[in-house]
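Just below is one structure, and these are the notes that go with it.
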Amino acid sequence: MEKSIRKYWPVFVLPTMAAFTIGFIWPFIWGLYLSLCKFQTLKKVTFIGLSNYTKVFEDATFVHAFGFTALFTIVSTLTINILAFFLAMLLTRKARGTNVFRTIFFMPNLIGGIVLGYIWQSLLNGLLSKWGMPLLALSAKEGFWGLVILMGWQQIGYMMIIYIAGLQNVSPDLIEAAEIDGATSWQVLKSVKIPIVMPSITICTFLTLTNSFKLFDQNLSLTNGEPAKNTQMLALNIYETYYARSGASWKGIGQAKAVVFFLIVVVISLVQLRFTRSKEVQA
Amino acid sequence: MAQQMTREESVRRKQQSINSVITVILSIVCVIWMYPILLIVFNSLKVESAISTNRIFELPIGNAFNGFQNFIYGVTKMDFMSSFWYSLFITVSSVALIILCCSMCAWYISRVTSKFSSAVYYLCVFSMVVPFQMVMFTLSKTADTLKLNTPYNICVIYLGFGAGLAVFMFTGFMKSMPLEIEEAAMIDGCSPLQIFFRIVMPITKPTTISTAILETMWVWNDYLLPTLVLDIKKYRTIPMDIQYFRGSYGSVQMGPMMACIVITIIPVIVLYLVCQKHIIEGVVAGAVKG
């Protein structure tokens, strides 16, 4: 059978591979090359080696964006996962209305980042002005928490769904056995439920970490980096370096920033996967 | 014995009363959860002066109520419907293309063991980690050069950038499918194409639905890719439209904007309520594979 399928490769693999080459492989390789070049338009590209990369770390806005993004990622990963897990625990107790709650909590996830930013900007600015606090565009602190709230509202439902699926895998027999042995409900949670749900935790942490770290749309529409680039995250910083700064060298530096950004994402993903995978158990 | 029964009974009672408390608390939380959406709906029905920052929480009653004027204005004057159709067309064509091409590709690489197959597979996995900023500039230039910069053929770009997840999900499922049915069909004289469309496609239906849902959620809400690839003066998708109108701050009319957002959200929510079982299963399946 394998032989006859093999002959059909132009039908089965070629369309996807052609598009994949156009949409990913070629832009990726070209992007790597351009990060080593100085260019403004593609008509005049000069190879300059690694000097774009040294300039990346001399750019204070990039370093600031990195710190802001890292802090945001840690805070939102923790809040989203803890709250989502807690909600999933409540929703697996077979209380009344569980299905309705699940439906409502998941709903914000279907709304796109740009629209979400717009909704929350109206709402948060309304609240802030009511409480006599600075508006989102005027204070980095409010902007940061605004982003955390927005991200939580969008993602908690999604992660909750995954945690519910994980918690439904915990067999009641196991919990009963632990209870007969005299385990308190805290001990059941810590030593029975969490180890079995660990694969879900791995996935949810991975998704929230990478989603928060790569956040762009929400950042653009909620604060757009205001005030004075203080709430600018890495993805937005790269975009802005590319498309909003004039000067011959910025495009190359923007591309170099993108490569650095890519490497950080890869490292975070690998480290996190290795760390949580090592805690997974077989039930 | 009787004593134990009463003990179990009391435990059950206690559980039940805890559950009622949970129901009450979660109901309150759900109302708060829905509030941002309700706020936009209320404001879309208000007159312009009642949408300013300090009056945003007022209800659309009395003088503030504006009927459906904002909706009429948004649809007729802001050319919002053309963005809506562009978004719809791009989403449907891209997702259809992704599903068709990627399931075929995935079947090939799950049935043919070769270096080429595993190279394709690992490239797809790799592409899922790469942030869009890494390729945004070069991708938009490539799209321009190849004239893939209209809503009618941007689906090729989406196929290219979305192939990773789809191939990954399909391959995961197809590797677990038994070979016997396909072999039997081949002995009966089916060509690989017939096997794929008559046997493999029907069996992979659950994965197809999951993948289609994940890709739809991505393409419909995507902002940056169409912004960089399409000519913003000629074609705008919904997210582009909303960001575009906000860019011209001050002159922007809040009421019609709110109305456009409502028009954007409502079909998505209706679709979700109709097929939420599939959507939720799709999310879980996507996560388990990922």
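Scanning region A:16-35 for residues that are touching a residue at least 40 places away in the same chain (Cβ under 8 Å) and within 7 Å of chain B (Cβ to nearest Cβ), we see that the one that is surrounded by the fewest Cβ atoms within 10 Å (Cβ to Cβ) is A:G31. Selection within region B:231-252: residues that are of a type in the set (V, I, T) and at pLDDT below 80. The member of this set that is nearest to B:N153 (Cα to Cα) is B:I232.
The set of residues in region B:156-178 being touching a residue at least 40 places away in the same chain (Cβ under 8 Å) and at the interface with chain A (Cβ under 9 Å from one of its Cβ atoms) consists of B:V156, B:I157, B:Y158, B:L159, B:F161, B:G162, B:A163, B:G164, B:A166, B:V167. Of the candidates A:V192, A:V170, the single residue that is farther than 28 Å from A:G146 by Cβ, β-branched (V, I, T), out of contact with any Pro (no Cβ under 9 Å at 6 or more places or on another chain) and not in a helix (DSSP H, G or I) is A:V170.
Yes/no per residue for (1) under 30 Å from A:V100 (Cα atoms); (2) at the interface with chain A (Cβ under 10 Å from one of its Cβ atoms); (3) of a type in the set (D, E, K, R):
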residue	(1), (2), (3)
B:R236	no, no, yes
B:D241	no, yes, yes
B:R246	no, yes, yes
B:G255	no, no, no
B:M258	yes, yes, no
B:L271	yes, yes, no
B:I280	yes, yes, no
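Among the numbered conditions (1) over 24 Å from A:L138 (Cβ atoms); (2) assigned to a helix (DSSP H, G or I), the only one that A:S246 does not meet is (2). Every condition in (1) at the interface with chain A (Cβ under 10 Å from one of its Cβ atoms); (2) surrounded by fewer than 18 Cβ atoms within 10 Å (Cβ to Cβ); (3) closer than 30 Å to B:G172 by Cα is met by B:C102 except one, and the failing one is (2). Residues that are within 14 Å of chain A (Cβ to nearest Cβ), closer than 21 Å to B:T171 by Cβ and either in contact with a strand residue (DSSP E or B) (Cβ under 6 Å, 6 or more places away or on another chain) or not aliphatic (A, V, I, L, M) (or both) within region B:207-222 comprise B:S210, B:T211, B:E215, B:T216, B:W218, listed in sequence order.
When every residue of region A:79-90 is checked against the conditions, none turns out to be within 30 Å of A:V148 (Cα to Cα), in the same structural domain as A:T208 (by TED's automatic domain parsing), more than 22 Å from the chain's Cα centre (by Cα) and buried (at least 21 other Cβ atoms within 10 Å of the Cβ). I'd like the full set of residues that are out of contact with any helix residue (DSSP H, G or I) (no Cβ under 8 Å at 6 or more places or on another chain) and farther than 30 Å from A:P199 by Cβ, limited to region A:246-279. Within region A:246-279, A:S246, A:G247, A:A248 meet the criteria. All conditions in (1) within 30 Å of A:T202 (Cβ to Cβ); (2) without any contact (Cβ under 8 Å) to a residue 60 or more places away in the chain hold for A:L42, with the sole exception of (1). For the criterion of being assigned by TED's automatic domain parsing to the domain that holds A:S191 and at pLDDT below 85, A:K257 fails. Filtered by the rule that a residue be under 17 Å from A:A256 (Cβ atoms) and either of a type in the set (S, T, N, Q) or more than 7 Å from chain A (Cβ to nearest Cβ) (or both), region B:136-146 gives B:M136, B:T138. Restricting region A:71-94 to residues that are within 17 Å of A:T208 (Cα to Cα) and without any contact (Cβ under 8 Å) to a residue 40 or more places away in the chain leaves a set whose member that is nearest to the other protein chains (Cβ to nearest Cβ) is A:F86.
The residue pairs whose first member lies in region B:117-135 and is within 9 Å of chain A (Cβ to nearest Cβ), whose second member is of a type in the set (S, T, N, Q), and whose beta carbons are closer than 7 Å, counting only pairs six or more residues apart or on different chains, are B:V129/A:S269. Checked against the criterion of being more than 30 Å from B:V47 (Cβ to Cβ) and in contact with a His (Cβ under 8 Å, 6 or more places away or on another chain), the candidates B:I213, B:I199 yield just one match: B:I213.
Residues are listed down the side, and each one gets a yes or a no for (1) more than 12 Å from every other protein chain (Cβ to nearest Cβ); (2) buried (at least 19 other Cβ atoms within 10 Å of the Cβ); (3) of a type in the set (D, E, K, R):
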{"residue": "A:S171", "(1), (2), (3)": "yes, no, no"}
{"residue": "A:C204", "(1), (2), (3)": "no, yes, no"}
{"residue": "A:E226", "(1), (2), (3)": "no, no, yes"}
{"residue": "A:Y239", "(1), (2), (3)": "no, yes, no"}
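Selection over region B:41-53 of residues that are touching a residue at least 40 places away in the same chain (Cβ under 8 Å) and crowded, with 21+ Cβ neighbours inside 10 Å gives a count of 4.
For region B:58-83, the set of residues classified as surrounded by 13 or more Cβ atoms within 10 Å (Cβ to Cβ) and either outside any helix (DSSP H, G or I) or among the aliphatic types (A, V, I, L, M) (or both) consists of B:E58, B:P60, B:A64, B:F65, B:N66, B:V75, B:M78, B:M81, listed by residue number. Being small (G, A, S) and under 17 Å from A:A88 (Cα atoms) is the filter; apply it to region A:162-213 and report the residue that is nearest to the chain's Cα centre (by Cα). Among them, the one singled out is A:S200.
If I ask for residues that are in a helix (DSSP H, G or I) and either within 7 Å of chain B (Cβ to nearest Cβ) or modelled with pLDDT under 85 (or both), which ones from region A:107-119 would you list?
Pass one, region A:107-119, residues in a helix (DSSP H, G or I): A:107-110, A:113-119.
Passing the criteria: A:M107, A:L110, A:G113, A:I114, A:V115, A:Y118, A:I119.
Of the residues B:L165, B:L193, the single one that is of a type in the set (A, V, I, L, M), closer than 19 Å to A:R6 by Cβ and either assigned to a helix (DSSP H, G or I) or modelled with pLDDT of 90 or more (or both) is B:L193. For region B:125-139, the set of residues classified as part of a helix (DSSP H, G or I) and either surrounded by 21 or more Cβ atoms within 10 Å (Cβ to Cβ) or not assigned by TED's automatic domain parsing to the domain that holds B:E215 (or both) consists of B:S127, B:Q133, B:M134, B:M136, B:F137, B:T138, B:L139, listed by residue number. Filtering region B:1-34 to residues that are surrounded by 13 or more Cβ atoms within 10 Å (Cβ to Cβ) and closer than 30 Å to B:I261 by Cα leaves B:L26, B:S27, B:V29, B:C30, B:W33, B:M34. Only one of the numbered conditions (1) under 30 Å from A:G157 (Cα atoms); (2) within 14 Å of another protein chain (Cβ to nearest Cβ); (3) not charged (D, E, K, R) is violated by B:V11, and that is (1).
The values are calculated or read from the model by the stated rules, or taken from the named source; none is laboratory data. A quick note: this is a predicted structure, and the numbers were derived from the prediction, not measured. Positions of Cβ are generated from backbone atoms using ideal geometry, with glycine treated the same way; all protein chains shown enter the neighbour counts.
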